[in-house]
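Derivation of every value follows stated rules applied to the coordinates shown; laboratory data play no part. What you see is a predicted model, and the numbers here were worked out from it, not measured in a lab. Note that each Cβ is placed from the backbone with ideal geometry, even for glycine, and that neighbours are counted across all protein chains shown.
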Amino acid sequence: MHSPANSSALVDAADRGDANKVLELLAEGMDINYSKEGDEGRTALYKAAWEGHLDVVQALVTAKADLNKANTDGCTPLLIAAYNGHLNVVQALVAAEADVDKAKTDDGRTPLWTAAYEGHLDVVQALVAAKADVNKAAGEWTPLRIATQNNHTSIVACLKSAGAK
């Protein structure tokens, strides 16, 4: 059994984008879904997705990391990649069959809603193509409504063409 300190090294390597170290630690049998105490449930995959480290994300996906494991705030790796506009990471997670409609537990925001809010048109397009629910609301706010509110006109057009109401 590996100690938390050893598994912590995996999270740190993923955060830094050190794909070689991640692969080395995975080969040693580190807990792929480990999150450090006091770090709000952020796993190696979450950290790599946050930073946009595609090679690390791909290594962790190949090693069978839990794609839909949320942190303590309810954010999944896909949601956080969408938030930060990391299209290549979003595409990799979608291709690996991450849940495109998994919402944050505290407020209902989905990866699509988050990308629409942040103005990441390419991410919105990728999630629409992946059949994300274009009408799944966070409270009273649908992706279309939040994109309209934030004056993201290209996203509004994209969502409307996908059937958003």
Next item on the list: Report the far tail of the P(r) of the chain, meaning the percent of Cα-Cα pairs longer than 21 Å.
Entry: 44
Check: Considering only Cα-Cα distances, which of the following residue pairs are longer than 20 Å: LYS47/LYS136; LYS21/LYS102; LYS21/LYS47?
Finding: LYS47/LYS136; LYS21/LYS102
Checklist line | Extension reserve of the GLU40-LYS160 stretch, reckoned as 0.36 nm per residue once the Cα distance is removed | finding: 39.6 nm
Checklist line | Within the range 51-127, GluC sites (Glu not before Pro) in DSSP loop having at most 12 other beta-carbon neighbours inside 10 Å | finding: GLU97
Note to self: Just to confirm a number: summing +1 for Lys and Arg and -1 for Asp and Glu over residues other than GLY17 whose beta-carbon lies under 10 angstrom from that of GLY17, what do you get?
What the structure shows: -1
